[in-house]
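Worksheet for the structure shown next.
The values are calculated or read from the model by the stated rules, or taken from the named source; none is laboratory data. Here the structure is a predicted model, which is why all the values come from computation and not from measurement. Every residue, glycine among them, receives a Cβ derived from its backbone with ideal geometry; neighbour counts consider all protein chains shown.
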Amino acid sequence: MSNPRHVLFIPLEEVERYFAVHTRQDVKIVAPEIRHTETPLTAGAWRNSAPDEPNLLCLSSDFPSTLLPHPAAGPFAISFANERAAQDAHYHEHHIEIYYSASRMTVEFWNVGETERNTRTVDGGAIVFGPLVAHKVTLTGLTMVIELPSVPADKKTALLG
């Protein structure tokens, strides 16, 4: 199958192998753009790269769709994180963000521009944040984060105070 890409396999054992040997404890696998520390993924399955090699990344624009608004660079982005990933309070202006984990997640969240904060703990499952909902998630195990649609530079810092 040639581009455009329609299928990408992300083996769990490769994600676990990544976390076992890397000090940077999160990894983006599908994203709207390639940065200097990443290299394009050309195979149909993602694999862990060595700590001294750039991360392999699949551009989300490789997954075509005519239903997405512009300036989306692709239909989605996928990242993995665990309890050692640095989580900051942030929000997105244009896309939704979905956290999925079989492990416990604790989240503090609020609407941008408001002062009322909410806190909730779930013992696994999914949490979906819409645009302009500030949030900080504390993880306890392997977690997948999906951004939909992927919009470059959409993440904004939010203050916890």
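In the range 25-52, the residues that are farther than 23 Å from Ala86 by Cβ form Cβ pairs under 9 Å with partners that are among the basic types (Lys, Arg), at six or more places apart or across chains, as follows: Leu41/Arg47; Gly44/Arg5; Arg47/Arg17. Considering the range 134-161, the residues that are touching a strand residue (DSSP E or B) at 6+ places or on another chain (Cβ under 8 Å) and assigned to a loop (DSSP other than H, G, I, E, B) include one that is nearest to Ser79 (Cα to Cα), namely Leu142.
The residue pairs whose first member lies in the range 105-133 and is free of Cβ contacts under 8 Å to residues at least 40 places away in the same chain and in a loop (DSSP other than H, G, I, E, B), whose second member is surrounded by 15 or more Cβ atoms within 10 Å (Cβ to Cβ) and aromatic (Phe, Trp, Tyr), and whose beta carbons are closer than 8 Å, counting only pairs six or more residues apart or on different chains, are Glu116/Trp110; Arg117/Phe109; Arg117/Trp110.
Condition first: aromatic (Phe, Trp, Tyr), within 24 Å of Pro152 (Cβ to Cβ) and in a strand (DSSP E or B). Now tell me which residues in the range 5-46 satisfy that.
First pass over the range 5-46, keeping only residues aromatic (Phe, Trp, Tyr): 9, 18-19, 46.
Next, only the ones that are within 24 Å of Pro152 (Cβ to Cβ) stay: 18, 46.
Scanning the range 5-46 gives no hits.
Against the test of being modelled with pLDDT of 90 or more, closer than 26 Å to Tyr18 by Cα and either surrounded by 12 or more Cβ atoms within 10 Å (Cβ to Cβ) or touching a Phe, Trp or Tyr at 6+ places or on another chain (Cβ under 6 Å) (or both), the options Leu132, Leu139, Leu148 yield a single qualifying residue, Leu139.
Applying the set (1) touching a strand residue (DSSP E or B) at 6+ places or on another chain (Cβ under 7 Å); (2) modelled with pLDDT of 85 or more; (3) of a type outside the set (A, V, I, L, M, F, W, C) to Glu114 leaves exactly one unmet item: (1).
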